[in-house]
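Derivation of every value follows stated rules applied to the coordinates shown; laboratory data play no part. The structure presented is a predicted model; accordingly, all values stated were derived computationally and were not measured. Cβ coordinates were reconstructed from backbone atoms using ideal geometry, including for glycine residues, and neighbour counts include every protein chain displayed.
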């Protein structure tokens, strides 16, 4: 269980998250719904430790992540794909995927295992492995960013607006990929932010609504 | 082109090599930490002083060949001792702050280092030309070359290629490139950016000190070397495009050749030659030869 307790974040003198309380269970898909500026991205960045908390705590099971530095959180198996894909343009797709593995000094066989798993789930990424990160299309880049998040995220994966900026056909195929991911990794805790959650109907377990930095309602899961 | 110009070109390239070491360090530190280090030239001066002192000491103990080793030992020593110390105690507090503050802090560091140098080494010039003498000369087609100059050029090429390969192929190189491109993303991937900062800064210190050490046999080492160097390094980094390794290399060659051409044809223009090149380049390309607005790539 990934748990946020009374998390308050201030950004440029403005409170962006107001004492947010949220549970993200393992083996479940949690969708955080909200308009632009509601605090969705801020919530994810706070979990990843790149924004300081003014108040509150973040727990991963019984580990208090609050004081754990950002780069050490990756070690706990929490992966993150930001909304803009942010690949390293000069690196090949494979090198982009392996960045977390070399940063965390994963052993060769573990590296291989995770890479194979990613290529199995994302065959279109496997086909692009020698391409440079800078020449990919938006849809391809999103897939690679998902793969990179999976390289880190052995326990949780956070996806920020995965469908944002994708053409409808690509958004559908991305949604299918998430369905396959859900099946192949039942243990994984998924937290996905969305402004239009319809595409996530097939996998969502909990929907949370965020408004002006407050998680204001807990909608029941859709079918 | 008549062969009479060859010595001019060799002089220019040797000059370019020395400028390149400093400028590429400055540019590297800028692209990783987004900080323009005014004290960078002081590491060059320090490299020159320390290598003269250690060089004389080693020559006294083991002969002039051992003295040569000082040219490499000194920059390593300076980088290992001062790099982490300055990054951890001083620069760390300035990241993400206004540029004026960063410049003031590094300018303060520059003043401290300059005075510390005068305190330790005095104001009399130091010199060691043994390294240049023992490496001898080469005579090709009636023209005499100093082997030391040829080695300088070779070393600069090695450093440029080595840096590029390190950034492309090695673990630490890839981590540096990632931090340059996107520091926040780098952290979420498990990259400890503060360690990358210490390493990159120390590497920058090493390159500047290496430039100073290798320059010491060719110049008198005296107060003012640091300030002279930093202004020149700024010009070269600006010509190349801040943060660009190949840009710094090309800019150093341009400036080196222009300076040596000025010495041959119009010596009174030698001091302003680099800035004329800078003026011409920035008029046409305001972000430098290899730079562009908002570029986050090394």
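Some observations on this one:
- Rounded tilt (10° steps) of B:193-215 against the dominant C-alpha axis of chain B: 10
- Separation of the stretch B:160-203 from the stretch B:242-276 is 30 Å, based on Cα centroids.
- Inter-part distance where the stretch B:68-118 and the stretch A:75-124 are each reduced to a Cα centre, Å: 36
- Taking the three principal axes of the alpha carbon atoms in the stretch B:150-289, the coordinate ranges are 55, 37, 27 Å, sorted in descending order.
- Counts of other chain beta carbons within 10 angstrom of each beta carbon in peptide A:61-71 average 2.
- Fewest-first ranking of A:78, A:9, using other Cβ atoms within 10 Å as the exposure measure: A:9, A:78
- By DSSP, the beta bridges lying fully in the stretch A:2-219 are antiparallel in about 55 percent of cases.
- When A:73, A:8 are arranged by Cβ crowding within 10 Å, least crowded first, meaning fewest neighbours, the order is A:8, A:73.
- Across peptide B:179-187, the average count of Cβ atoms from other chains found within 10 Å of a residue's Cβ is 6.
- Evaluated at q = 0.15 Å⁻¹, a Debye calculation over the C-alpha positions of the stretch B:3-284 (equal weights, vacuum) places log10 I(q)/I(0) at -1.16.
- Within 10 Å of the Cβ of each residue in A:45-57, the mean number of Cβ atoms contributed by other protein chains is 1.
- Packing here is the average count of other Cβ atoms within 10 Å per residue, and on that basis the peptides B:60-70, B:74-84, highest first, run B:74-84, B:60-70.
- Bridges between two residues of the protein assembly as shown, per DSSP, are antiparallel at a rate of about 60%.
- Footprinting exposure proxy ranking of A:91, A:163, A:11, fewest other C-beta atoms within 10 angstrom first, gives A:11, A:91, A:163.
- Cα convex hull of the stretch A:2-219 - mean projected area over all directions, nm²: 11.4
- Estimated from helical segments only, the mean residue ellipticity of chain B at 222 nm is -25000 deg cm²/dmol, where each DSSP H run of four or more residues counts as -39500 (n - 2.57).
- Degrees between helix A:138-152 axis and first principal axis of chain A (Cα, 0 to 90, nearest 10): 80
- Cα-based Rg of the stretch A:127-223 normalised by 2.2 N^0.38 Å, two decimals: 1.15
- Helix A:168-184 and the long axis of chain A differ in direction by around 90°, with both axes built from C-alpha atoms.
- Three principal axis extents describe the C-alpha atoms of the stretch A:60-162; from largest down they are 40, 32, 23 Å.
- Panel note: the C-alpha atoms of the protein assembly as shown, placed on their principal axes, show extents of 89, 47, 47 Å (largest first).
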